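To start, the structure under review is shown below, and the notes come after it.
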Amino acid sequence: MAKQSNKLTAKEVKNLKFQLDGAKKQRHPDGGGLYLLLDETGAKYWRMDYRRPITQKYNTLALGTYPTISLEQARAKRDEFKKMLTDGIDPAEQRNNKKRSQLKDLENTFSKFVVEWLDKRKLEGKVDSETIRKINKDILPFIGHIPVTSLTTEQLEKDVTDALVERGALESARRVKSIINMVLKLPLKRRIITYNPAPHINLPKPQKGNHKAITNEKELADLLRKTWRLTKDFPRTRIRTELALKLSAYIYQRPGEIRSLRWNSVDFENRYLSFKASKTDKDHLVPLSRQAFDILKELEEMRTSSPFVFPSVKNPSECMSSDTLTQVLKRLGFKGKHTAHGFRATARTILDEEIEYRTDIIEHQLAHQVKDPNGTAYNRTKFLRRRVQLMQLWADYLDTLRQGGDISAFKPMWTVNRDILGQDEDLSILKANYKEENSL
C-alpha cells in the first residue's frame, strides 16, 4: 500500500515546537519521503528521503527552511523530484550539475575573456592603448562582471552602446561594438556560448560625410583664431589640448595618429614624425613645418614619464581620449560643422582647389594609397622634398589666414586675378601654362 502523502497542515507546521524531552532531531513526515526536521535550536528544515535510481541507496535532499519555504512549496519540490526519479534522474546529481554549471558560468565572465583577448593581441604585436582605454571606460564597468552566457544583444545595447549613442559618440559606439564582438568570439569558438550577441547591436548608420569639415576660408580663419585663444577663453582647458588642436591643423593626420603619437616617433634632428599609418599599416613620414616643430618643442618641455606626446589626464600610460578634441570643437561652437578628422578634408580641399598643389603629393602626405602608371605604389619617402615644402606652405598659409594677412601669395595667378580676366579662354590658357611650369 502506497504511503499516504500530505499528512501535515499549514497550521501544524507553524505551531510545531521542539520537544525538550525528545530526540535531538525530530521528524514530522508529510508523506512521499517529505518531512519537516526540527532541531534543539528551534529551526525547521524541509527534507526528502529517496532511493537513488541506479544504486538504490538511500539519499536525503535539503529543500530549504521554514518559513522561507512554505508547506505548499515544499510539496511542489517533492512532486517535481519524484517525477525526475520516475524518469530515472537523480535530483541530487541534477542539482550538483546545475551548481557546477553556475560556478563555471561565474568564472567565465566577460572580463576574463577580455584579459585573454588582450594577451593574445599583445603576442601579435598589437598596440592597444586606446582599445584598453575604451574597455576600461565604456565596457568593463557595465558588463565586466557578467558571465558571457548571460549576455544578450538587448543588454549590450542598454548597458553599453546606448549611452555612447546618446552623447553623440557614434564612432566610439562602433568601436566598442567591434571590441565586444571580437572578445565574444573566444567563448563562442569554445562553445561556452551558443551565439554571439554583439553583431546584432543596433547603431545609427553614420551619415555620408560624417567627418564634418570646414573648407571655406572665412570659416577656417574663425576656427583658427578661436583655437589659438582656446585656453584664454576657456581657462579650464589644458594647454596640451590646445596644442593638440593646433598640431592637428598644421599636420592634418588622422586624429588617432595624433592622439596616440609617441615620443619615439618624433625626430627633432631631422624634423619629421615617423609612425605606421593607421589605415594602411605602412610606415609614414610627416615633415614638420617650423610651426609644428615649435609646438612639439613646447610639448617636450611638458614631457612626463608617459610614452605619449598627449597623455591621458587620468592614466599617463594611456593617450588622450578620442572625445577630447570632439568636445573642445563643440565648446568652440563648431558642433556639426567641423571634427578633428575634418582637418584632413580641410587641407585636402584647400590645397587642391585654392592653392592648387599637386594632388598626388597631397595624397602621399595624407598617407593615402597613390596609384602610379605601374599600379598602386606607396613609399614613405616619395616626394619627400616636395612634401617638406608642402607642409611649410600649409603652415604659413594657416598663420597668414588666421592673422588676417594677404593669402593671395599662396595662390596661382589665375586664382588671384579671376575678376580681372574677362574671357574664359584666357583663364584656361593661363591655368594650363601655370600647371606646366609647376609640374616638376
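The values are calculated or read from the model by the stated rules, or taken from the named source; none is laboratory data. What you see is a predicted model; the values in this text were computed from it and never measured. Every residue, glycine as well, gets a Cβ built from its backbone with ideal geometry; the counts of neighbours run over all protein chains shown.
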- prompt: If you check Thr304, Thr280, which single one turns out to be touching a residue at least 60 places away in the same chain (Cβ under 8 Å), over 24 Å from Asp396 (Cβ atoms) and polar (S, T, N, Q)?
  reply: Thr280
Filter result (among the basic types (Lys, Arg) and modelled with pLDDT of 85 or more) within the stretch 96-121: Lys112, Lys120, Arg121
message: So, Asp49, is that one surrounded by fewer than 16 Cβ atoms within 10 Å (Cβ to Cβ) and either not aliphatic (A, V, I, L, M) or not assigned by TED's automatic domain parsing to the domain that holds Phe308 (or both) or not?
response: yes
- prompt: When both residues are 6+ apart or on different chains and their Cβ atoms are under 9 Å apart, which pairs have a first residue that lies in the stretch 353-369 and is touching a residue at least 24 places away in the same chain (Cβ under 8 Å) and farther than 16 Å from Gln392 by Cα, and a second that is surrounded by fewer than 16 Cβ atoms within 10 Å (Cβ to Cβ) and aliphatic (A, V, I, L, M)?
  reply: Gln369/Ala377
query: Does the stretch 340-360 hold any residues that are buried (at least 18 other Cβ atoms within 10 Å of the Cβ) and within 23 Å of Asp281 (Cβ to Cβ), and which are they?
result: Ala340, His341, Phe343, Arg344, Ala345, Ala347, Arg348
query: Do we find a residue being modelled with pLDDT of 90 or more and either in contact with a Phe, Trp or Tyr (Cβ under 7 Å, 6 or more places away or on another chain) or basic (Lys, Arg) (or both) anywhere in the stretch 190-201?
result: yes
field: Checking Arg174 against (1) surrounded by fewer than 18 Cβ atoms within 10 Å (Cβ to Cβ); (2) out of contact with any Leu (no Cβ under 9 Å at 6 or more places or on another chain); (3) in contact (Cβ under 8 Å) with a residue 24 or more places away in the chain, the condition it does not meet
entry: (2)
message: Being surrounded by 15 or more Cβ atoms within 10 Å (Cβ to Cβ), touching a residue at least 12 places away in the same chain (Cβ under 8 Å) and in contact with a strand residue (DSSP E or B) (Cβ under 8 Å, 6 or more places away or on another chain) is the requirement here; does Val165 meet it?
response: no
task: Read through the list (1) in contact with a Leu (Cβ under 9 Å, 6 or more places away or on another chain); (2) in a helix (DSSP H, G or I); (3) surrounded by 17 or more Cβ atoms within 10 Å (Cβ to Cβ); (4) at pLDDT 90 or above, then give the number of the only condition that Thr131 fails.
output: (4)
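Here is a yes/no grid of residues against (1) surrounded by 13 or more Cβ atoms within 10 Å (Cβ to Cβ); (2) without any contact (Cβ under 8 Å) to a residue 24 or more places away in the chain; (3) over 20 Å from the mean Cα position of the chain (by Cα); (4) in a helix (DSSP H, G or I):
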| position | (1), (2), (3), (4) |
| --- | --- |
| Asn181 | yes, yes, no, yes |
| Lys226 | yes, no, yes, yes |
| Ala244 | yes, no, yes, yes |
| Ile258 | yes, no, no, yes |
| Phe275 | yes, yes, yes, no |
| Ile295 | yes, no, yes, yes |
task: Residue by residue through the stretch 150-189, note down the ones that are modelled with pLDDT under 90 and of a type in the set (Val, Ile, Thr).
output: Val165
- request: Please work out which residue is farthest from Thr131 (Cα to Cα), limiting yourself to the stretch 311-348 and to residues that are among the basic types (Lys, Arg) and in a loop (DSSP other than H, G, I, E, B).
  value: Lys337
- prompt: Is it fair to say Ile54 is within 56 Å of the chain's Cα centre (by Cα), surrounded by fewer than 16 Cβ atoms within 10 Å (Cβ to Cβ) and among the hydrophobic types (A, V, I, L, M, F, W, C)?
  reply: yes
